[in-house]
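What follows is one structure encoded as structure tokens, with my remarks underneath.
The values are calculated or read from the model by the stated rules, or taken from the named source; none is laboratory data. Please read all numbers here as calculations on a predicted model, not as lab measurements. Cβ atoms come from the backbone with ideal geometry, glycine included; neighbour counts cover every protein chain shown.
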Amino acid sequence: MSNIANNLHTIRQRISTAQQVAGREENTVQLLAVSKNQPIESLEEAYAAGQTLFGENYLQEALLKMSKLSHLNISWHFIGPIQSNKTTTIAQHFSWVHSVDRLKIAQRLNNARSGMDPLDVCIQVNVSEEPSKSGVLLDQLEPLAAEILQLSNLTLRGLMAIPLATSEITVQQQQFHQLAQALKHLQHTFPDAKLDTLSMGMSSDMEVAIKEGATIVRIGTALFGARK
Ligand SMILES: *Cc1c(COP(=O)(O)O)cnc(C)c1O
């Protein structure tokens, strides 16, 4: 097995164990392989080992990879900050966008997606309330969700967060818990919406995220090694 195939195996084990420890059903957590700054060959290796969901942060880099890997059945997820002049291309090339954090971006994605299957989106929430971070604050989440639910070419699937980088498990856990509570609140407020996704947990904190209800973990370093 290649290193990447080995790493993938280890990560799948970690996910499976974390699901069991949390008393969750098998296969309720999806693995998104975060391949930003990784060479095409690394994506090919992961794909050969069965990985089909890939997350990218930078549009130009992602488009190049998509064109080189167009023969593969990959689901591409955009997870980086979104500039409004990039929305058309993002809407037309990706299956999912995890990083919607304002209405203008959602509207532009919606317009660019017409005539295609609805685009699956998550709202990015700034749970740590760091000024430098993207994401809507928790107290502005519900009005934004209400607006996005009106956009017919988008399907609002849930919430995404990048918590404060810390090794303090209790702080991580509290932030994941807040995101999970926010999703529950939205599910209650909008019972007809297809709100089934918590995109949270990265290489160093996926177990805590799964314990708190993550349905997609976004893993880069643990799978591909350090970024170039
Ligand atoms: C880079 C990145 C990741 C992956 O982080 P690792 O610590 O390398 O697993 C996950 N989510 C987002 C939004 C990222 O930008």
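Tabulated data
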| quantity | calculated |
| --- | --- |
| Residue pairs meeting the criteria (Cβ under 6 Å; at least 6 apart or on separate chains; first within 16 Å of the ligand (Cβ to nearest atom), in segment 92-114; second acidic (Asp, Glu)) | TRP96/ASP120 |
| Matching residues in segment 115-170 - criterion: being in contact with a Gly (Cβ under 6 Å, 6 or more places away or on another chain) and free of Cβ contacts under 8 Å to residues at least 40 places away in the same chain | GLN124, ASN126 |
| The one condition in (1) closer than 19 Å to MET206 by Cα; (2) without any contact (Cβ under 8 Å) to a residue 40 or more places away in the chain that ILE82 fails to fulfil | (1) |
| Meets criteria (buried (at least 22 other Cβ atoms within 10 Å of the Cβ), of a type outside the set (Gly, Ala, Ser), modelled with pLDDT under 95 and within 16 Å of the chain's Cα centre (by Cα)) for ILE162 | yes |
| Pairs with Cβ under 9 Å, 6+ apart, first in segment 36-55 and more than 14 Å from ASN73 (Cβ to Cβ), second away from the ligand (no atom under 12 Å from the Cβ) and acidic (Asp, Glu) | LYS36/GLU61; ASN37/GLU61 |
| Selection within segment 168-206 - buried (at least 19 other Cβ atoms within 10 Å of the Cβ) and within 16 Å of the ligand (Cβ to nearest atom) | GLN172, GLN175, PHE176, LEU179, THR197, LEU198, SER199, MET200, GLY201, ASP205, MET206 |
| Residue check for SER132: exposed (fewer than 15 other Cβ atoms within 10 Å of the Cβ), away from the ligand (no atom under 13 Å from the Cβ) and farther than 24 Å from MET202 by Cα | no |
| Test: GLN83 is farther than 25 Å from ALA180 by Cα, exposed (fewer than 15 other Cβ atoms within 10 Å of the Cβ) and within 16 Å of the ligand (Cβ to nearest atom) | yes |
| Enumeration of residues in segment 213-228 that are surrounded by 20 or more Cβ atoms within 10 Å (Cβ to Cβ) and near the ligand (Cβ under 7 Å from one of its atoms) | ARG218, ILE219, GLY220 |
| Filter result for ILE15 (touching a Leu at 6+ places or on another chain (Cβ under 7 Å) and either exposed (fewer than 14 other Cβ atoms within 10 Å of the Cβ) or aliphatic (A, V, I, L, M) (or both)) | yes |
| Residues located in segment 111-144, provided they are touching a strand residue (DSSP E or B) at 6+ places or on another chain (Cβ under 8 Å) and closer than 21 Å to ASN85 by Cα | ARG113, PRO118, LEU119, ASP120, VAL121, CYS122, ILE123, GLN124, SER134, GLY135, VAL136, LEU144 |
| Qualifying positions in segment 130-155 - closer than 17 Å to PHE190 by Cβ and hydrophobic (A, V, I, L, M, F, W, C) | VAL136, LEU138, LEU141, LEU144, ALA145, ALA146, ILE148, LEU149, LEU151, LEU154 |
